[in-house]
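Read-outs: derived from the displayed coordinates by stated rules, not from any lab. Everything numeric here is computed off the predicted structure, so don't read it as measured data. Here Cβ is always computed from backbone atoms with ideal geometry, including for glycine, and neighbour counts include all displayed protein chains.
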Amino acid sequence: MTFSTRLKEEITEYNSDILEKRAELSAILRYDAKIEKNKITITSENAKIIRRIYSYLKEIFGIDIKIVVRNQKRFRIKQIYILEIKEKINYILESLYLFEKGKKKKANENYFEAFQEKIAYLKGTFLTTGSINDPSTSGYHLEFVFLNKTDADFIKLILKSLKLDAKVIKRGNRYMTYIKSAEAISDIIKMFQAVNSLFYFEDIRIYRDHKNMVNRLNNCEIANQEKTTTTGMKQIEDITYLKENNLMDLFDEHTKIVLEYRYKYPESSYAELAEIISLETDYKIGKSGINHHFIKMKKLMNQYENNLQK
């Protein structure tokens, strides 16, 4: 069972008040129902979602609903659940803000001014058109898929009213409203009151964030070590040059100590070199002091080379 399926089934376990049920049904019928003159048909592979839709319609409208179960044998055998509504069609569609005087109405955010009704509408949309990647197997990604851009833009507007930033793109002959922010996806799962799914998502998120932090620190450490090694080897070349040209006596005793210890410990960092010198000699020095002596060395070498070129 996918993470999306588990989340959807957990959503169906939460009971709503009558206004939330209407908002949820409004989204389900708008985005997933086949609406004909004398019949509304809703199809799903998920028995719990169908059961939820059935109970909401029965409770709110008191209608008889036909349930058909079919076995689909493409690739693997699975059951398809079909709800058929053949009474109070216009009343249902008008009550759920889908039709007015027999004509389909454009979705309007003002139908659902209350925060919880917007969440309920988003739930219905997610149950029928939404999915979330399993955070343990891929990147963070939530999407709603629609047949037209108008619906995709409307869900983007609903999300914006909930302070959630989403984007819309065309994919094939459909439109997708999506979110890639882990924090925003977590907020949506929290709004859906899917506690188990939220804990799972957050556990994976914390683990991945920690792993990424450790990887970044390791990469920094490797980069620093490589930089230290490169710097050390270049300084060894310079010190060798100084010795071959009898220039070491031009330095004071402290600089000589630093250069000799660098020659002995070419891969040590400045901090490590300072600690070794301080422990093994009477000269107490810090990282900045080490850097100062190497600046002095480089300056003398440049002066010597300039004199040779004259």
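Which FRET efficiency value, to the nearest 0.05, do you get for GLU84 and ASN215 by plugging their Cβ-Cβ distance into 1/(1 + (r/R0)^6) with R0 = 45 Å?
Working: r = 54 Å, r/R0 = 1.20.
Computed FRET efficiency for GLU84 and ASN215 comes out at 0.25.
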### Query
Spin-label point model (7 Å from Cα, Cβ direction): what's the PHE199 to LYS73 distance in nm?
4.3 nm
### Task
Counting only C-alpha contacts under 8 Å and six or more residues apart, can you give the relative contact order of the stretch 1-147 as a whole percent?
30 percent
### Summary
Neighbours of LYS149 by Cβ distance under 14 Å: Lys/Arg at +1, Asp/Glu at -1, summed charge +4
#### Entry: Residue with peak Gaussian network fluctuation, the chain [Cα springs, cutoff 10 Å], from ILE155, ILE40, ILE285
ILE285
### Summary
Candidates ASN291, ASN219, ASN148; GNM for the chain (alpha-carbon contacts under 10 Å) flags as most fluctuating ASN291
### Task
Any of LYS21/LYS160; LYS66/LYS160; LYS123/LYS160; LYS58/LYS118; LYS21/LYS66 with alpha carbons more than 26 Å apart? Name them for me.
LYS66/LYS160
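Provide the FRET efficiency to the nearest 0.05 for the THR281-THR231 pair, computing r from the beta carbons and using R0 = 25 Å.
Efficiency, from the Cβ-Cβ distance: 0.70.
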### Query
Pick from LYS156, LYS299, LYS118: which is most flexible by mean-square fluctuation in a GNM of the chain where alpha carbon atoms under 10 Å apart are linked?
LYS299
## Note on the structure
In the list (1) 243; (2) 122; (3) 133, the entry giving volume of the Cα convex hull per residue in Å³ computed from the coordinates is (1)
### Task
Quick one: how many lysine pairs does the stretch 210-309 have with C-alpha atoms less than 13 Å apart and a gap of 8 or more or different chains? Give me the count, please.
4
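Where does the longest stretch of the chain lie that holds no GluC sites (Glu not before Pro) found in a DSSP loop with 16 or fewer other Cβ atoms within 10 Å? Numbers along the way, then the final one.
On the way: sites that count: GLU13, GLU36, GLU45, GLU87, GLU113, GLU267.
Answer from the scan: 114-266.
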### Task
Straight distance only, please: which lysines reach the Cα of LYS73 with their own Cα at less than 27 Å, same-chain residues fewer than 8 apart left out?
LYS8, LYS34, LYS39, LYS48
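Using 0.36 nm per residue, how much length does the chain from LYS264 to ARG6 gain when fully extended, once their Cα-Cα distance is taken away? Numbers along the way, then the final one.
On the way: separation 258, 0.36 × 258 = 92.88 nm, distance 6.21 nm.
Extra length available between LYS264 and ARG6 comes to 86.7 nm.
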## Note on the structure
For HIS141, the residues 5 or more places away or on another chain with a placed amide H closer than 5 Å to its own amide H are ASN133
#### Entry: Total formal charge among the other residues, if their Cβ is under 9 angstrom from that of ILE60, Lys/Arg +1 and Asp/Glu -1
+2
### Task
Could you grab the relative contact order for the chain? Cα pairs under 8 Å, six or more apart, rounded to a whole percent.
13 percent
## Note on the structure
With label points set 7 Å from each Cα along the Cα-to-Cβ direction at LYS256 and THR150, the distance between them in nm comes to 9.0 nm
### Message
For PHE99, what residues show an amide H to amide H distance below 5 Å, using hydrogens built from the backbone and excluding near sequence neighbours?
### Response
GLU94, LYS105
### Query
How big is D for the stretch 210-309, in µm² s⁻¹ as a whole number, if Stokes-Einstein is applied with the Kirkwood radius of its Cα pairs at 4 °C and 1.567 mPa s?
88 µm²/s
